[in-house]
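Step one of this worksheet: look at the structure below.
The values are calculated or read from the model by the stated rules, or taken from the named source; none is laboratory data. Quick caveat: nothing in here was measured; it's all calculated off a predicted structure. Glycine gets a Cβ as well: all are built from the backbone with ideal geometry, and neighbour counts include every protein chain shown.
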Amino acid sequence: MRQELGQQIGEKARELLSSGVVECVIGYERATDGVTARPLFVYGVEDVDRLIFDDTCIHNLTRYLLNRRDKNTAVVAKPCDSRAINLLLNEKQIEREKVFIIGVACQGVVETRWNQAGETLQARCQLCSQHTPVVYDFLVGEAPPEQPPPEAYADVLEMEARSAAEREAFWQEQFDRCIRCYACRQVCPGCYCSECFVEQLDPLWVGIRIAPAENQIWNTIRAFHLVGRCIGCNECERVCPLNIPLSLLNRKLEKEVWELFGFQAGMSAEAVPPFATFEKEEKLGIGE
Ligand code: SF4
Ligand code: SF4
Ligand code: SF4
């Protein structure tokens, strides 16, 4: 079945490239360790046989669309990744006519390390209830049978039950370890500002020191910039070299947005995000 998915993706890629519909197909190929997968940019039909899809295809490839805004491109997208396409369409960062989406109905991906693929699904996949892409032009694969929705916020609720002092101590300890490599930013489909606030000099929002106060501002503001925009691909946590539990923070904010506005980022390209609009009736508990 996994081999078939790669073949189906390859056939579609061949058709799209040979007909000139797209100039490039972004998918996955087997990495040099022979076990895991890595992103592949296919520009010619001679390379389509390199395309694969299996449970080691962990990367969210939609981030690369931001580097190809003016070129017709096809991209392989799992359901979680497809939400990023809706986010980028909604925020007018990409044009629908220029993107061909090869969606993959997904049964989950595993943790991988160099030359190793685990047997259990990634934590995000164990919590996932979206197994068919929310947007696609061509679909391969089969979604698993419907399951009752998982309790996606058990760890968030556990954190909410702690005192403010305990929560502060927890996050202080996490952020103190941050080396400000910005890998979380570089991999994130929602982090595409041409100049990030941490690199602005005039005005200077935050110093360049790797120190507790600056680290805290960096991580907190980045999380705030993703409120109502994070699509939960968990790429930031995957690439963090210090294993900082960024998804715990992201999903806390996702939960707040859901409870306040009934909104989940990336489910539709048309839905107006809560932070891009305001209704007079909204009081949100302030001054009530
Ligand atoms: S989070 Fe869901 S859609 Fe994304 S890889 Fe896991 S199972 Fe697939
Ligand atoms: S990837 Fe991790 S260590 Fe690097 S800036 Fe982000 S939180 Fe800090
Ligand atoms: S903040 Fe993390 S989980 Fe959210 S969209 Fe960005 S990379 Fe994905």
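Within the option set ARG238, ARG229, being buried (at least 19 other Cβ atoms within 10 Å of the Cβ), closer than 28 Å to ARG38 by Cβ and either without any contact (Cβ under 8 Å) to a residue 40 or more places away in the chain or within 16 Å of ligand 1 (Cβ to nearest atom) (or both) holds for one residue only, ARG238.
Once the range 125-165 is narrowed to residues that are surrounded by 11 or more Cβ atoms within 10 Å (Cβ to Cβ) and of a type in the set (D, E, K, R), the residue that is nearest to VAL25 (Cα to Cα) is ASP137. Per the listing GLU151, GLU142, GLU173, GLU146, the residue uniquely at pLDDT 95 or above and not small (Gly, Ala, Ser) is GLU173.
Going by the conditions given, is LEU139 in contact (Cβ under 8 Å) with a residue 24 or more places away in the chain and under 15 Å from the mean Cα position of the chain (by Cα)? So LEU139 does not fit the description; no. Just name the residue that is farthest from THR56 (Cα to Cα) out of those in the range 101-120 that are touching a residue at least 40 places away in the same chain (Cβ under 8 Å) and touching a Gly at 6+ places or on another chain (Cβ under 6 Å). In this case the residue turns out to be VAL104.
Filtering ARG167, ARG180 for residues that are at positive phi and away from ligand 3 (no atom under 14 Å from the Cβ) leaves a single hit, ARG180.
Determine if the range 243-264 includes at least one residue that is more than 14 Å from ligand 2 (Cβ to nearest atom), small (Gly, Ala, Ser) and either crowded, with 19+ Cβ neighbours inside 10 Å or outside the structural domain of CYS184 (by TED's automatic domain parsing) (or both). Taking every residue of the range 243-264 in turn, none turns out to be more than 14 Å from ligand 2 (Cβ to nearest atom), small (Gly, Ala, Ser) and either crowded, with 19+ Cβ neighbours inside 10 Å or outside the structural domain of CYS184 (by TED's automatic domain parsing) (or both). One residue alone among VAL35, VAL21, VAL75 is out of contact with any Lys or Arg (no Cβ under 8 Å at 6 or more places or on another chain) and in a strand (DSSP E or B), and that residue is VAL75.
Listed by first and then second residue, the pairs linking a residue in the range 72-95 that is small (Gly, Ala, Ser) to a residue that is at pLDDT 95 or above and within 16 Å of ligand 2 (Cβ to nearest atom), with Cβ atoms under 8 Å apart and 6 or more places separating them unless they lie on different chains, are ALA84/ASN60; ALA84/ARG63; ALA84/PRO189; ALA84/GLY190. On the given criteria, is CYS106 in a loop (DSSP other than H, G, I, E, B) and crowded, with 23+ Cβ neighbours inside 10 Å? So CYS106 fits the description; yes. Scanning the range 62-83 for residues that are of a type in the set (A, V, I, L, M) and surrounded by fewer than 21 Cβ atoms within 10 Å (Cβ to Cβ) turns up at least one hit.
Screening GLU142, GLU160, GLU146, GLU151 for residues that are among the charged types (D, E, K, R) and farther than 24 Å from ALA265 by Cβ leaves exactly one candidate, GLU142.
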